[in-house]
1. For the pairs 120/141; 97/158; 135/158; 73/154; 73/97; 73/158, note any where the Cα-Cα span goes beyond 19 Å.
2. State the volume of the convex hull built on the alpha-carbon positions of the range 65-158, expressed per residue in Å³ and rounded to an integer.
3. What share of all Cα pairs of the range 114-159, in percent, falls into each consecutive 10 Å distance bin?
4. For the range 104-147, with only Lys/Arg (+1) and Asp/Glu (-1) charged at the beta-carbon, what is the dipole magnitude about the Cα centre, in debye rounded to 20?
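Bear in mind these aren't lab numbers, they're just calculated from the coordinates by the rules spelled out. Just so you know, these numbers come straight off a predicted model, no measurement behind them. Don't worry about glycine lacking a Cβ; one is built from the backbone with ideal geometry, like all the others, and counts go over all protein chains shown.
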Amino acid sequence: MYGVFEPDYWTLFLLGGTYHGAYHDASVSGETMKKFVLLVVPAMMLIAGSTLSIAQEPGQSRLDPAKAEASRKYPRITLYSVAWCPHCREAKEYFTKNNIPFVNRDVEQDAGAMAELTGKYKSQGVPVIVIGSGKDEVVVKGFNPESFQESLRKAQGKR
């Protein structure tokens, strides 16, 4: 189940058994067993706590209904950018503010994104925005809201 803490039940079972055995083992004196429990139980609790994990697939996130609806409303939008670029930042802020779903590909962090930018899209600069995919994609170099909206309408007309 996604997003639920799932303990390692074997660890918890061993922890309970150790605690229970501390008071029912006749071969060890009561004082020795109490010392053992005081040392082992906290260690077992740490182990049990460290085995708790959020069961979520890598790369998956929770999607609220409003964002799911927005993703159906728009074609795929990919932004090729770098962290320090003011125009890239402006595009990201615009997309976020207007609930426009997009994939950000930082070309300084992702060699594959850099290869696509320079090879497939023949660009040395950022931002480059790709709207749609395949033969229907529209490529926008640079960013301003008006030209983006115009390109978006053009891409949506191809759908």
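1. Beyond 19 Å: 97/158.
2. So the per-residue Cα hull volume is 96 Å³.
3. P(r) for the range 114-159, in whole percents per bin: 28, 51, 21.
4. Once rounded to the nearest 20, the dipole reads 180 debye.
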